[in-house]
Each structure stands twice: as C-alpha cells, then as structure tokens.
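Notes follow once the structure below has been shown.
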Amino acid sequence: LIPGNEELDRCVWVQDPHVHRDDFWHTHVDYQICLHTNSMCFWRKRSCVRRRYSEFVWLRHKLQENALLMDLPKLPPGTPFFSSRNSSHVAERMKGLQQFLEAVLQRTLFLSDSRLHLFLQSELSVGRMEACSQGLTRYTIAQAILSSAHNVSHPPYGPETRDDDDDNSSSNSDCDSDCERCVGGGGRRQ
C-alpha cells in the first residue's frame, strides 16, 4: 500500500496475460490478478494469482447464487470467436475482467463470500475452492490462502496437482507490482 494513503481500501488489477497451448487445436489464456488492500476482511494484504476466463465465469455464477436480487457486474462476453492470438481480443477481455473485479470488490455483500477470497488469494482450482468453501477439505480457507503466500504450488497438506482437467493455470504469489498503478491509471481506487 502507498504510505500515507490510509483511505485506500482495495486495489485490484488484471495484467500479464499468458497463452497456454493445451493441444494442437486448443489454447487458453490466463491472467495475473494482483490485490493490494488494507481491508481487514482479507487474510493477506498483497497477493497475486493466475486465473483464466472460465474461472471468472465460475466465480460470477457462485456470487450470483448469494445475490439473487442484486444486479451482478457483467463479465466480458465469452465468444466462440475469441482468439488468444489476437492481442486486441486478449487486451479487451483483460480490461473487462478487471472492471468486473473492481465492481465486485465495491459491494460489501460479495466481500463475505469465501469463494471470492479463495479466487483472489489462493492457488486452488475451481473444484478445490468449491470443496474448501463447503468445509470438505482437510484445510481451512485461511490455510489455503496463507499457504499461497509461501509459493506452494499445490494445495495445503498434500502433493496433489490441480484437480480440474481444464484448469492448468499456474500462479505467482510473489507480486512485485506497485499499487500506485491503481491510483495512477493501471486500475481504479476502490
């Protein structure tokens, strides 16, 4: 956080898209999500993880379950014509994903959803985030989040790899980005 700027509560941005080749015909893009905060509702004050579009879709669906009467922020459209080779498509989607997260973090109701915290601050796959949020894992939400701070490349207490077949994104919990980008134009202050 920026010294002397106590009013800054949550700063999030989506950056650094990586294209991954799944096989000869299929690729996917994941994005680095960095969060800097002085909010007491987050376990870690700084975090960075990598997430792909399908994980954002999952998060929005889960948030919608808890906010039946609220108008949920929109994601950029999932289009069959999206090309990971087209840098303008990737940049436009990245911008839309950031706007989605900024809008979500402005709504207090969503800040109480453990799946949002796991999404932003852990390296767990969608399946493991869901299981953890339901108390079906050997580790707590706090343990999952805090273990990510130690560059753990697997879930806490086990050498297993990520369990979603379509989820091969990597993560980077050591974020060297400066939150001034959020104030200065890389993202919006929350």
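Scanning region 111-141 for residues that are farther than 12 Å from LEU59 by Cα and part of a loop (DSSP other than H, G, I, E, B) turns up SER112, SER122, GLU123, LEU124, GLN134, GLY135, LEU136, THR137, ARG138, TYR139, THR140. Residues in region 20-36 that are exposed (fewer than 14 other Cβ atoms within 10 Å of the Cβ) and either free of Cβ contacts under 8 Å to residues at least 40 places away in the same chain or in contact with a helix residue (DSSP H, G or I) (Cβ under 8 Å, 6 or more places away or on another chain) (or both): 5 in all.
Of all residues in region 91-108, those that are within 14 Å of the chain's Cα centre (by Cα), of a type in the set (Gly, Ala, Ser) and farther than 10 Å from LEU75 by Cα total 1. Looking only at residues in region 37-54 that are touching a residue at least 12 places away in the same chain (Cβ under 8 Å) and hydrophobic (A, V, I, L, M, F, W, C), the one that is surrounded by the fewest Cβ atoms within 10 Å (Cβ to Cβ) is CYS41. Note on region 73-125: among residues that are in contact with a strand residue (DSSP E or B) (Cβ under 7 Å, 6 or more places away or on another chain) and among the acidic types (Asp, Glu), the one that is surrounded by the most Cβ atoms within 10 Å (Cβ to Cβ) is GLU123.
When residues in region 126-146 are screened for being of a type in the set (A, V, I, L, M), over 20 Å from LEU35 (Cβ atoms) and open to solvent by less than 60 Å² (accessible area, probe 1.4 Å), 1 of them pass. Comparison of VAL90, VAL29 shows that the only residue that is in contact with a Lys or Arg (Cβ under 9 Å, 6 or more places away or on another chain), over 21 Å from ALA144 (Cβ atoms) and among the aliphatic types (A, V, I, L, M) is VAL29. Pairs meeting the criteria (first residue in region 56-79 and in contact (Cβ under 8 Å) with a residue 40 or more places away in the chain, second residue hydrophobic (A, V, I, L, M, F, W, C) and outside any helix (DSSP H, G or I), beta carbons under 7 Å, at least 6 apart or on different chains) are PHE56/LEU75; ARG60/LEU72; ARG60/LEU75; LEU63/LEU72. Here is the figure for region 55-72: residues that are open to solvent by 70 Å² or more (accessible area, probe 1.4 Å) and modelled with pLDDT of 90 or more total 2.
The values are calculated or read from the model by the stated rules, or taken from the named source; none is laboratory data. Just so it is clear, the model here is predicted, and its values are computed rather than measured. Backbone-built Cβ (ideal geometry, glycine too); neighbour counts: all protein chains shown. Ligands, DNA and RNA are stripped out before the accessible areas are found, and what is left, the full protein with its side chains, is counted by its heavy atoms. Shrake-Rupley method; radii C 1.70, N 1.55, O 1.52, S 1.80 Å.
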